[in-house]
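**Student:** Sending over a structure as structure tokens; questions will come in a sec.
Only the coordinates and a few stated rules stand behind these numbers; no lab work does. Everything quoted here is computed from the prediction, not taken from an experiment. Heads up, the Cβs are rebuilt from the backbone with ideal geometry, glycines too, and the neighbour counts pull from every protein chain shown.
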Amino acid sequence: MTNFRLTLSYDGSRYNGWQRQGNTRNTIQEKLETALGRILEQSVDAAGSGRTDAGVHARMQTVSFRAKTDMSAAKILAQLRRWLPEDIGAEALSEAPPRFHARLSCTGKSYLYRVWNSSAPCVFDRKYVSRVPEPLDIEAMREASNALLGEHDFAAFAVARGKKSTVRRIGGIEISREGPEVRFLMSGNGFLYNMARIITGTLLEVGRGCIEAGEVSAVLASRGRRGAGPTAEAKGLCLWETRYE
């Protein structure tokens, strides 16, 4: 049995997220496992570094799977590129150490959120940006983001799911402007369900002047979802990078 490590990119616009679901076959995991099953002529269980929600994109989703095969990684990769739909890209495939697991071995991730901050139309990137036409105070958002750096309980910035720990470490939040586009690049050792989108939604409220930059520390300490901003749209978010030892 060979363990493989796969790097995927995908446009999540038409999918119901990464995770396989019982009520639909329209997920990234389902499409990948179907293609691998056809190529390897066996059932394959593919594990991703984490789930992406419906409509969220990925530049670098890492996947691991095991298969009993003599087929080389290069040949499997070539076949994947043939059978996967054009909005799911097989970027790289290699054999991995036996204990490698895409989720359990992951040490960090980065997410990029793109905002079209203009009243002008955004025709060609409209599926990959969230539109905010009103002016945004970049410096205020940067000031507010400092309160989120380091290790904290991020319960206020996530949708509750089960009883697992809500403590995470954020190593950096870079906020930049490129013409009419504002970008939020967040890096950490892990992200809770909707955490990246709620952080973005909160910082956008700061940028609009609806929340004071100094209030974000109190929101974080409250551990209550009601104090944070709205969940930003899925289409502006992209899983940018996954990191391993």
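**Student:** Output the 0 to 90 degree angle, nearest 10, between the alpha-carbon long axis of helix 28-40 and the longest principal axis computed from the alpha carbons of the chain.
**Tutor:** For 28-40 against the chain, the angle is about 10 degrees.
**Student:** Let me ask something else about it. Going highest first, how would you order 121-134, 230-243 by mean Cβ packing within 10 Å?
**Tutor:** On the way: 121-134: 13.5, 230-243: 20.5.
Sorting 121-134, 230-243 by mean packing, highest first, produces 230-243, 121-134.
**Student:** Run the numbers on segment 107-244 and let me know its relative contact order in percent, using alpha-carbon pairs under 8 Å that are six or more apart.
**Tutor:** Relative contact order comes out at 38 percent.
**Student:** Rounded to whole Hz and in sequence order, give me ³J(HN,Hα) for segment 205-218 from the Karplus expression 6.51 cos²θ - 1.76 cosθ + 1.60, θ = phi - 60°, writing x for Gly and Pro.
**Tutor:** Result, ordered by residue: 5, 5, x, 7, x, 7, 10, 6, 4, x, 7, 5, 4, 5 Hz.
**Student:** Taking a ≥ b ≥ c as the square roots of the Cα gyration tensor eigenvalues, with a/c under 1.5 meaning rounded and otherwise prolate when a/b beats b/c, else oblate, which class fits segment 137-187?
**Tutor:** Judged from the Cα gyration tensor, segment 137-187 comes out prolate (a/c at least 1.5, a/b above b/c).
**Student:** Lys and Arg at +1, Asp and Glu at -1: add these up for the other residues within a Cβ distance under 15 Å of Ser118 and post the number.
**Tutor:** Here the charged neighbours net out to +2.
**Student:** Turning to a different aspect of this structure: Quickly estimate the mean residue ellipticity at 222 nm for the chain, helices only: each DSSP H run with n ≥ 4 gives -39500 (n - 2.57), and the total goes over all residues, rounded to 500.
**Tutor:** -6500 deg cm²/dmol
**Student:** Next question, about the same structure. Under the classification rounded if a/c is under 1.5, otherwise prolate if a/b is larger than b/c and oblate if not, where does segment 1-132 fall, given a ≥ b ≥ c as square roots of the Cα gyration tensor eigenvalues? Spell out each step's value before the answer.
**Tutor:** Working: a/c = 2.20, a/b = 1.88, b/c = 1.17.
Here segment 1-132 falls in the prolate category.
**Student:** Per-residue HN-Hα couplings for segment 230-243, Karplus 6.51 cos²θ - 1.76 cosθ + 1.60 at θ = phi - 60°, whole Hz, x for Gly and Pro?
**Tutor:** x, 6, 5, 4, 5, 5, x, 9, 9, 5, 8, 7, 10, 10
**Student:** List every residue whose amide H lies under 5 Å from the amide H of Phe100, counting only residues 5 or more places away in sequence or on a different chain, with H placed 1.01 Å from N in the peptide plane.
**Tutor:** none
**Student:** Then there is this: Order by neighbour count: Asp53, Asp70, fewest other Cβ atoms within 10 Å first, most last.
**Tutor:** Asp70, Asp53
**Student:** Here's something else I'd like to know. Quick one: His57, His152, fewest Cβ neighbours within 10 Å first, how do they rank?
**Tutor:** His152, His57
**Student:** Just check segment 101-245 against the gyration tensor rule for me: Cα atoms, a ≥ b ≥ c as the square roots of the eigenvalues, rounded for a/c under 1.5, and otherwise prolate or oblate depending on whether a/b exceeds b/c.
**Tutor:** Details: a/c = 1.85, a/b = 1.27, b/c = 1.46.
Oblate.
**Student:** In percent, how large is the relative contact order of the chain, given Cα pairs closer than 8 Å and 6 or more residues apart?
**Tutor:** Relative contact order of the chain: 24 percent.
**Student:** Check which residues have an amide H placed less than 5 Å from Phe191's amide H, if you skip close sequence neighbours.
**Tutor:** Placed amide hydrogens put nothing under 5 Å from Phe191.
**Student:** Under the definition of Cα pairs under 8 Å and six or more residues apart, what whole-number percent is the relative contact order of segment 2-95?
**Tutor:** Answer for segment 2-95 is 45 percent.
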